[in-house]
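The values are calculated or read from the model by the stated rules, or taken from the named source; none is laboratory data. Note that the coordinates shown come from a computational prediction; the quantities given were computed from them, not determined experimentally. Please note: Cβ atoms are built from the backbone with ideal geometry, for glycine as well, and neighbour counts cover all protein chains shown.
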Amino acid sequence: MSLLLEKIRKSYAQPGGERLPVLGIEHYSLAQGEQAALLGSSGGGKTTLLNIIAGILTPDSGRVIIDGRDLAAMPEVVRDRYRAAKIGIVFQTFNLLPAFTALENVLLGMAFSGRGVDRGFARTLLETVGLGHRLNHSPKRLSVGEQQRVAVARALANRPVLLLADEPTANVDPANQQKILDLIRNTCREHNVSLLMVTHSLEAAGLFSRVDRLQDFNHPELCRQPQEQSA
Amino acid sequence: MNLLTIAWKSLRQRRLASSLTALSIALGVMLMVLVLVIFGAVNSAFTQRSVGYDLIIGPKGSELQLVLSAVYRMQPPIENLPYPYLEQLRKDRRVVSAVPLAFGDVTEQGDFPIVGTTTEYFENEYMPGQKFMIRGQRIGKLFDAIIGAAVARENGWDLGTSFSIVHGGAESEDVHDEKFTVVAVLAPTGTANDRTVFLNLQGFYAIAGHEKPIDEVEKRLRDFYSADPERLAASLQQLQQYREAIAARAAAPDPSALPAPVSPEAMKEVTAILVRTRPETPFDAISLSAELKKGIQAMAVNPVRPIQRLMSGLIGNVQKALVVLTVIIILVSGVGIFVSIYNSMSDRRREIGIMRALGAGRHHVFGIVLAESALLCCGGGLAGWLAGHGLAIASAPWVIRQTGLLINPWALNSLEVWLFPILAGLAVLVGFLPAMTAYRTDVADALAS
């Protein structure tokens, strides 16, 4: 099992002191190498869920098991290193660092894993996504599609078990959407990496054999239950 | 790829702001290095045992003036001592060597000080372990001269050059009739000797107008030897014989046919006497100095002590003030670095969020910002240090030519050892707050921004 979520609760504090429930997930899982699209409307908690899976946010309660270890129970320092080693993230806006070349952006993904950088593998990844000739180009000299491909290569740089993609085609023209999704899916398949793509696009989700709707298994009201019971 | 590389890339991204802040540090450090190099040279020139002598003996007066005039040739002489006193000193068992100096005149060209002395001056070390290197021959004739390296260079003089001297100092227009000839040139010594013209002491006495009226000499001898009637009597006897010889010549039918009477020693004077005492008994110098202090005739001065007092009392304070000023400049530059990095933090919030999302820990982003500060401070400092020494190296020949100060641009001041630890401390100081901002960055918020 690549990803297992159990009894995840998440709410945010409101200015008035009340808490706004966002997530209430009893169970969710993704098998090793499995690919799934997670559909959800804007403000539905998709990004919060993704941040919890990535260990960027911690849930109020529950377990986030990635490759057999509970991310939510780890101290932050360990969680950061575990994220670097086990999880790849492709952001909606690519988030390449402008000061670094394409190759350096991929190397940057390796720099924090504690395993050291593997320049050869970084080159191979960029060649895999068709950017072998653009290794030393800075992001501003790359097209939008090329930038997204660098982001994919960077996400896979540490040979993760899970790749999280947050609306990866939201800023890409329709002609390139299919190409990028194919690239992400094929590369993940090639490296046996589980893929969870969060999107609000039915068209993008339609390419996946497994499509989960967040609203089907997210019950934020569950967050209130302990309070209601205690009241 | 390590934190320093990442920090360096971030700085390159903001290359204009980074360059300007590093430049401000570099300028501050460069100024500090130049201050240290220049004061190091001044310090070295003035606090070394610039003469290979234990004592300088001269008339009673200012100790500093005696040293500045006799060793550094920067001040007019105080007064003179009678020549017989030199002979008296030479007979003292504590004295190994007593070298007379007579000065007060300058060259007509270049205003270089004239010093009448004996060959012993060139045989002795001019500074411990350093002997004069002389190109040419020893002073043999009355009007032979040996010139310092700077005199030769600036006046374009060499062996065989003939020159005139001006009586009494640069402002005087009383040019002596006698012509002197360069017979030797000294190699550079980095001391006042480089800017000095040395004459045969007897030649110095032979210059017309240097001999004082007999009555004036007599009065001075009476004052000088007031407590020593035996020596006074001997000197007065010499004066009396000299007076009679002059009168006899004047009374002759054709005085010009008779040779001029030879001046007795009592008529001669020296401006200062450089004394070496027995090296095996260092107390000799102290006892001689203390003995002279009690009397009214002369004073003996350690050539180092008055200059050390001057250095620590005045020049040292000027140096401290300039160093403090450059430290303030560096601190202000440090504030500039703080402002530059701190202002960039809001623009870099997302960048920090991305790095955190890629697995960078809080300590990583803290380290990256601190490394940026260190690169700016230490990189700028290194550039300034190299520029300072580079400028010192480039300008050293010019400074030496202009001032005679021997600049050693490669010499490191002990304060420079502290430069980089201080810069590293400054980097931590100015980088800490921005680094803490990076440390505290909320990843989810930063990515959403």
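All conditions but one from (1) of a type outside the set (A, V, I, L, M, F, W, C); (2) more than 10 Å from chain B (Cβ to nearest Cβ); (3) touching a residue at least 12 places away in the same chain (Cβ under 8 Å) apply to A:Asp166; the one that does not is (2). Among the residues here, B:Val67 does not qualify as buried (at least 18 other Cβ atoms within 10 Å of the Cβ), out of contact with any Gly (no Cβ under 8 Å at 6 or more places or on another chain) and at pLDDT below 85. Residue check: A:Ala36 meets all listed conditions (1) small (Gly, Ala, Ser); (2) under 18 Å from A:Leu156 (Cα atoms); (3) assigned to a loop (DSSP other than H, G, I, E, B) but one, namely (3).
Scan B:Leu89, B:Leu64 and give me the residue that is farther than 26 Å from B:Ala392 by Cβ, in contact with a Pro (Cβ under 6 Å, 6 or more places away or on another chain) and either away from every other protein chain (no Cβ under 14 Å) or assigned to a helix (DSSP H, G or I) (or both). Please lay out each step first, then the result.
Working: B:Leu89 fails: in contact with a Pro (Cβ under 6 Å, 6 or more places away or on another chain).
The conditions single out B:Leu64.
For the range B:35-53, check the following and say yes or no: at least one residue is hydrophobic (A, V, I, L, M, F, W, C) and not in a helix (DSSP H, G or I). Yes, that holds for at least one residue.
For the range B:211-235, filtering for residues that are within 25 Å of B:Asp105 (Cα to Cα) and touching a residue at least 40 places away in the same chain (Cβ under 8 Å) leaves 7. Would you mention how many residues in the range B:194-209 are within 25 Å of B:Gly160 (Cβ to Cβ) and either assigned to a helix (DSSP H, G or I) or at pLDDT below 90 (or both)? So the answer is 10. The criterion of at least 2 residues that are surrounded by fewer than 21 Cβ atoms within 10 Å (Cβ to Cβ) and within 14 Å of another protein chain (Cβ to nearest Cβ) is met, among helices (runs of 4 or more DSSP H) falling completely within the range B:335-427, by B:349-357, B:362-374.
A count restricted to the range B:228-257 and to residues that are among the hydrophobic types (A, V, I, L, M, F, W, C) and under 27 Å from B:Leu199 (Cβ atoms) stands at 3. Looking across the range B:1-17, the residues that are under 44 Å from the mean Cα position of the chain (by Cα) and within 11 Å of another protein chain (Cβ to nearest Cβ) come down to B:Trp8, B:Leu11, B:Arg15.
Within the range A:48-79, the set of residues being within 9 Å of chain B (Cβ to nearest Cβ) and closer than 21 Å to A:Ala153 by Cα comprises A:Asn51, A:Ala54, A:Ile56. Would you check if B:Ala150 is of a type in the set (Gly, Ala, Ser) and in a strand (DSSP E or B)? Here the answer is no, as B:Ala150 does not meet what is asked. In a residue-by-residue description of the range A:120-137, the property of being free of Cβ contacts under 8 Å to residues at least 40 places away in the same chain, within 10 Å of another protein chain (Cβ to nearest Cβ) and over 26 Å from B:Arg12 (Cα atoms) applies to no position.
Among the numbered conditions (1) free of Cβ contacts under 8 Å to residues at least 12 places away in the same chain; (2) more than 14 Å from chain B (Cβ to nearest Cβ); (3) assigned to a helix (DSSP H, G or I), the only one that A:Leu20 does not meet is (3).
Considering only the range A:136-146, I want to know if a residue exists there that is within 24 Å of A:Ile52 (Cα to Cα) and among the hydroxyl-bearing types (Ser, Thr, Tyr). Show your work before the answer.
Kept after step one, since they are within 24 Å of A:Ile52 (Cα to Cα), are these residues of the range A:136-146: none.
No, the conditions are met nowhere in the range A:136-146.
Considering only residues that are charged (D, E, K, R) and at the interface with chain B (Cβ under 9 Å from one of its Cβ atoms), which ones fall in the range A:80-94? A:Asp80, A:Arg81, A:Arg83 - these are the residues of the range A:80-94 that are charged (D, E, K, R) and at the interface with chain B (Cβ under 9 Å from one of its Cβ atoms). Taking A:Asn136, is it at pLDDT 90 or above, surrounded by fewer than 22 Cβ atoms within 10 Å (Cβ to Cβ) and over 28 Å from A:Ile66 (Cα atoms)? Criteria met by A:Asn136.
Restrict the check to the range B:4-21 and report whether at least one residue is of a type in the set (Phe, Trp, Tyr) and at pLDDT below 85.
Step one: filter the range B:4-21 for residues of a type in the set (Phe, Trp, Tyr), giving B:8.
Still in the running and at pLDDT below 85: none.
No, there is no match, as no residue in the range B:4-21 is of a type in the set (Phe, Trp, Tyr) and at pLDDT below 85.
One line per residue, one yes/no per condition, for (1) of a type outside the set (Asp, Glu); (2) more than 30 Å from B:Tyr342 (Cα to Cα); (3) in contact with a helix residue (DSSP H, G or I) (Cβ under 9 Å, 6 or more places away or on another chain):
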| residue | (1), (2), (3) |
| --- | --- |
| B:Arg14 | yes, no, yes |
| B:Ser18 | yes, no, yes |
| B:Gly28 | yes, no, yes |
| B:Phe39 | yes, yes, yes |
| B:Gly61 | yes, yes, no |
| B:Ala70 | yes, yes, no |
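Yes or no: the range A:8-25 includes at least one residue that is at pLDDT below 85 and closer than 17 Å to A:Leu156 by Cβ. Scanning the range A:8-25 turns up no residue that is at pLDDT below 85 and closer than 17 Å to A:Leu156 by Cβ. Elements of the type helices (runs of 4 or more DSSP H) sitting completely within the range B:210-321 and holding at least 3 residues that are more than 24 Å from the chain's Cα centre (by Cα) and either aromatic (Phe, Trp, Tyr) or buried (at least 16 other Cβ atoms within 10 Å of the Cβ) (or both): these cover B:214-224, B:229-251, B:283-294. Only residues that are facing another protein chain (nearest Cβ under 8 Å), in contact with a helix residue (DSSP H, G or I) (Cβ under 6 Å, 6 or more places away or on another chain) and part of a helix (DSSP H, G or I) were counted in the range A:95-115, giving 2.
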